[in-house]
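Here's the structure, in C-alpha cells; my notes come after.
The values are calculated or read from the model by the stated rules, or taken from the named source; none is laboratory data. The structure presented is a predicted model; accordingly, all values stated were derived computationally and were not measured. So basically every Cβ, Gly included, is an ideal-geometry build from the backbone, and we count neighbours across all protein chains shown. Heavy atoms of the whole protein, side chains included, go into the accessibility calculation; ligands, DNA and RNA do not. Shrake-Rupley method; radii C 1.70, N 1.55, O 1.52, S 1.80 Å.
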Amino acid sequence: YAKNLFAEARLIFHFAVFIQPDYGKAYYNLGSTYEELKQIKTAIAYYKKAIDYGNVTALNNRGRLLIQNNCKEAKKLFQKAVLPENRKVRYALLTNQARAELCLNNYEKARDYLQAAIEIDDESVEAQCLLTVALQKMGDRSAAIAQISKCPNDPPPNLPELHRWSRQLTHQQLLAD
C-alpha cells in the first residue's frame, strides 16, 4: 500500500481478513485500498466493516465518501462518532461533519464544526477555506472576505468543492466591490 501497489495490497489485506476475520484494521486498510482503486462502493462497504470494530478513521472516511451522494446519511453517521484523542482524526471528523452540514445548508452548524477544527489545527487550509464558504452562505460578507485571506488562491486538488466555492466567492466579491 505504501508503495502504491494497491492491487497487491488488496490481496494481502484480504488474506489478513481470511486468517483473522475480526481484524478491524484490515477492513479499514481494504476500504482505503479500494478507495485508491476508485472502487468507491466497495470501499464504503469495507469501511462499514471496520466501523463495526470501532475504527473511527473508517467512520470518517466512509462519511466523507457518503457526502458525495447522501449528505443526510453522512450526517447521521458522523453523529455516531465519538471524537478521538488523535488530533488529526478529530480535525478530519469535525471538518467532514462541517462538509455534511454545508451540503444540507446548515451553515451555522458547519461554522461551529469548522471553528472547532481550526482550534485543533489552524494551519490546515481545508477548514479555513470551508469556513469562508459557511460565512459567505450565512450572509456574513465581511467575515467571509476576511477569512478568504487564510485560504490559498489554489486550494489542494483533493478539495474540488473549494476550487468552485473559492472562485464563486471571489467572483461575487469582485461584483460587489
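Between GLU36 and SER124, the contour length at 0.36 nm per residue exceeds the alpha carbon distance by 29.4 nm.
Per-peptide packing, taken as the mean over residues of other Cβ atoms within 10 Å, places 73-79, 25-31 in the sequence 25-31, 73-79 from highest down. Taken along the Cα-to-beta-carbon direction at a fixed 7 Å, the label points for ARG87 and SER142 span 3.3 nm.
Backbone phi angles across the range 56-65, fed through the Karplus curve with coefficients 6.51, -1.76 and 1.60 (θ = phi - 60°), yield HN-Hα couplings of 6, 5, 5, 4, 4, 5, 4, x, 4, 5 Hz in residue order; Gly and Pro are listed as x. In this structure ILE12 has an accessible area near 110 Å², from a 1.4 Å probe over the protein heavy atoms. Across the range 111-125, computed HN-Hα scalar couplings (Karplus, 6.51 cos²θ - 1.76 cosθ + 1.60, θ = phi - 60°) run 4, 5, 4, 5, 5, 5, 5, 5, 4, 7, 8, 7, 8, 6, 7 Hz from first to last residue, x flagging Gly and Pro. Using only the C-alpha atoms, the convex hull of the chain corresponds to 117 Å³ per residue. Taking every protein chain into account, the accessible area of the chain amounts to 57 square angstrom per residue (probe 1.4 Å).
When the charge dipole of the chain is built from unit charges on Cβ atoms (+1 for Lys and Arg, -1 for Asp and Glu) and taken about the Cα centre, the candidate among GLN115, PHE13, ILE145 whose Cα reaches farthest toward its positive end is PHE13. Normalised Debye scattering of the range 1-89 at q = 0.15, 0.18 Å⁻¹ gives log10 I(q)/I(0) of -0.54, -0.76, counting only Cα atoms as equal scatterers and leaving out solvent.
Surface composition of the chain: carbon and sulfur make up 52 percent of the accessible area, probe 1.4 Å.
Here ASP122 sits with roughly 100 square angstrom of accessible surface, probe radius 1.4 Å. Entry note, the chain: the mean residue ellipticity at 222 nm calculated from DSSP H runs of n ≥ 4, each adding -39500 (n - 2.57), is -23500 deg cm²/dmol after division by the residues and rounding to the nearest 500.
Stretching the chain fully between GLN79 and ILE19 yields a gain of 18.3 nm (0.36 nm per residue, less the alpha carbon separation).
In order along the range 11-23, the Karplus-derived 3J(HN,Hα) couplings, from 6.51 cos²θ - 1.76 cosθ + 1.60 at θ = phi - 60°, round to 4, 5, 5, 5, 5, 4, 5, 4, 6, 9, x, 9, 8 Hz, and Gly and Pro are given as x. The listed residues PHE18, PHE13, once ranked by accessible area (1.4 Å probe) with the largest placed first, stand as PHE18, PHE13.
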